[in-house]
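Engineer: Pasting a structure below so you can have a look.
The values are calculated or read from the model by the stated rules, or taken from the named source; none is laboratory data. As the structure is a computational prediction, the values presented were derived from the model and not from experiment. Every residue, glycine among them, receives a Cβ derived from its backbone with ideal geometry; neighbour counts consider all protein chains shown. Surface accessibility is based on the protein's heavy atoms, side chains included, excluding ligands, DNA and RNA. Shrake-Rupley method; radii C 1.70, N 1.55, O 1.52, S 1.80 Å.
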Amino acid sequence: MPMKILNVMEPAFKAYGKVVKGLDVSDLLAVLEKTPRPDDVIYVASDEEMEACPSMEKIAYSLFGGMPVQAGYCNGSNYLLNAVEYHRDSEVNVALTDLILILGKEQDIAEDGTYETAKMEAFLVPAGTVVEVYATTLHYAPCNANGNKFCTAVILPKGTNTEAPAVQNNTEEDKLLFARNKWLIAHKDAKIPGAFEGLIGENLSVK
């Protein structure tokens with residue numbers, strides 16, 4: 001059954017993030033227009049042209065407190081949840097197109113690293129919207145809205161989602177560390193190599 005789609009402008013979104021107002025991101029959107037939109041999903045963690053946009057300095061200051069950041073993009077076509085990830089920092093999305101985010105809460109992850117997908121909610125992010133997705137919010141690749149491919153900037157602390165550090169086993173959570181500053185729980189149906197398959201329940205769909 002398709003999920004109920006809420007809107008990031010609704011109060012329910014405040015548990016997961018916030019809509020950012022006051023930033024002119026027209027330069028970033030212009031660069032996004034030129035990025036590829038394949039039939040599957042492409043994610044590029046760092047794009048030099050995007051990072052050279054004047055608006056990036058303002059985003060780094062206002063949304064990351066002056067921390068070094070990277071700007072990339074996530075584009076393509078997708079209807080399924082497939083996995084959830086989280087970081088130790090907020091993620092900022094700048095939506096060129098309408099898109100849907102399926103979101104949950106890190107606090108609901110069980111002690112053994114499993115997570116029930118029935119706890120998640122879906123939100124429409126209208127084109128042109130800037131959203132901050134909190135560090136404790138579970139998320140993954142966006143989904144199509146209205147049957148159209150999606151395109152969004154993804155802004156994170158520098159180095160996030162790059163090659164994973166050498167494996168250690170200090171805590172129970174370490175088994176979820178999939179890339180640098182990226183903890184991941186996958187659904188078995190997604191068959192993501194090397195990922196911890198801990199999503200319980202349906203592989204959610206917005207279609």
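Engineer: Filter region 105-120 down to residues that are under 15 Å from the mean Cα position of the chain (by Cα) and farther than 11 Å from Leu81 by Cα, then give me how many there are. Can you show your working first?
Structural biologist: First pass over region 105-120, keeping only residues under 15 Å from the mean Cα position of the chain (by Cα): 105-106, 120.
In the following step, the residues that additionally are farther than 11 Å from Leu81 by Cα were identified as 105-106.
Residues that pass the stated criteria total 2.
Engineer: Same structure, new question: Give region 90-137 a look and list any residue that's within 18 Å of Lys207 (Cα to Cα) and acidic (Asp, Glu), or say none.
Structural biologist: Those that are within 18 Å of Lys207 (Cα to Cα) and acidic (Asp, Glu): Asp98, Glu121.
Engineer: I'm trying to understand the selection: among the residues of region 101-160, which are over 16 Å from Lys14 (Cβ atoms), among the small types (Gly, Ala, Ser) and either at pLDDT 95 or above or part of a strand (DSSP E or B) (or both)?
Structural biologist: The answer is Ala110, Gly113, Ala118, Ala127, Gly128, Ala141, Ala145, Ala153, Gly159.
Engineer: Is there any pair with a first residue in region 162-176 that is more than 30 Å from Tyr73 (Cα to Cα) and a second that is open to solvent by 50 Å² or more (accessible area, probe 1.4 Å) and of a type outside the set (Lys, Arg) whose Cβ atoms are under 8 Å apart and which are 6 or more apart or on different chains, and what are they?
Structural biologist: Listed by first residue and then by second, the contacts come to Glu172/Glu111; Glu172/Asp112.
Engineer: Exactly one of these conditions fails for Ala164: (1) hydrophobic (A, V, I, L, M, F, W, C); (2) in contact with a Cys (Cβ under 8 Å, 6 or more places away or on another chain); (3) open to solvent by 20 Å² or more (accessible area, probe 1.4 Å). Give me its number.
Structural biologist: All conditions pass for Ala164, except number (2).
Engineer: OK, next. Return the residues of region 65-115 that are of a type in the set (Val, Ile, Thr), more than 27 Å from Lys34 (Cα to Cα) and surrounded by 16 or more Cβ atoms within 10 Å (Cβ to Cβ); say none if nothing qualifies.
Structural biologist: At the first step, the residues of region 65-115 found to be of a type in the set (Val, Ile, Thr) are 69, 84, 92, 94, 97, 100, 102, 109, 114.
Checking which are more than 27 Å from Lys34 (Cα to Cα) leaves us with 84, 109, 114.
Scanning region 65-115 gives Val84, Ile109.
Engineer: Is there any pair with a first residue in region 89-101 that is at negative phi and of a type outside the set (Gly, Ala, Ser) and a second that is modelled with pLDDT under 95 and in a loop (DSSP other than H, G, I, E, B) whose Cβ atoms are under 9 Å apart and which are 6 or more apart or on different chains, and what are they?
Structural biologist: Pairs found: Asp98/Asn146; Ile100/Met3.
Engineer: So which pairs qualify, if the first residue must be in region 120-138 and open to solvent by less than 10 Å² (accessible area, probe 1.4 Å), the second must be in a loop (DSSP other than H, G, I, E, B) and polar (S, T, N, Q), the Cβ gap must be under 7 Å, and the two must be at least 6 apart or on different chains?
Structural biologist: Val133/Ser90
Engineer: In this structure, does Glu49 turn out to be open to solvent by 60 Å² or more (accessible area, probe 1.4 Å) and touching a helix residue (DSSP H, G or I) at 6+ places or on another chain (Cβ under 8 Å)? It would help to see each step written out before you state the result.
Structural biologist: Working: open to solvent by 60 Å² or more (accessible area, probe 1.4 Å): yes; touching a helix residue (DSSP H, G or I) at 6+ places or on another chain (Cβ under 8 Å): yes.
When the stated conditions are applied, Glu49 passes them.
Engineer: For Asp27, indicate whether it is under 25 Å from Asn148 (Cα atoms) and in contact with a Gly (Cβ under 8 Å, 6 or more places away or on another chain).
Structural biologist: Working: under 25 Å from Asn148 (Cα atoms): yes; in contact with a Gly (Cβ under 8 Å, 6 or more places away or on another chain): no.
Spelling it out, it is not the case that Asp27 is under 25 Å from Asn148 (Cα atoms) and in contact with a Gly (Cβ under 8 Å, 6 or more places away or on another chain).
Engineer: When you scan region 6-46, how many residues do you find that are touching a residue at least 40 places away in the same chain (Cβ under 8 Å), open to solvent by less than 50 Å² (accessible area, probe 1.4 Å) and either part of a helix (DSSP H, G or I) or among the acidic types (Asp, Glu) (or both)?
Structural biologist: Of the residues in region 6-46, 5 are touching a residue at least 40 places away in the same chain (Cβ under 8 Å), open to solvent by less than 50 Å² (accessible area, probe 1.4 Å) and either part of a helix (DSSP H, G or I) or among the acidic types (Asp, Glu) (or both).
Engineer: Can I ask one more? Check region 158-172 and report whether any residue there is under 12 Å from the mean Cα position of the chain (by Cα), of a type in the set (Asp, Glu) and at negative phi.
Structural biologist: no
Engineer: Quick one: count up the residues across region 74-93 that are outside any loop (DSSP other than H, G, I, E, B), among the polar types (S, T, N, Q) and out of contact with any helix residue (DSSP H, G or I) (no Cβ under 9 Å at 6 or more places or on another chain).
Structural biologist: So in region 74-93, the residues outside any loop (DSSP other than H, G, I, E, B) come out as 74-76, 80, 83-86, 91-93.
The next check asks that each one be among the polar types (S, T, N, Q); those that pass are 75, 93.
From what's left, out of contact with any helix residue (DSSP H, G or I) (no Cβ under 9 Å at 6 or more places or on another chain): 93.
Total satisfying the criteria: 1.
Engineer: To continue, here is another question. Given Met3, Met56, which one is at pLDDT below 95 and open to solvent by less than 40 Å² (accessible area, probe 1.4 Å)? Spell out the reasoning first.
Structural biologist: Numbers: Met56 fails: at pLDDT below 95.
Matching residue, one of Met3, Met56: Met3.
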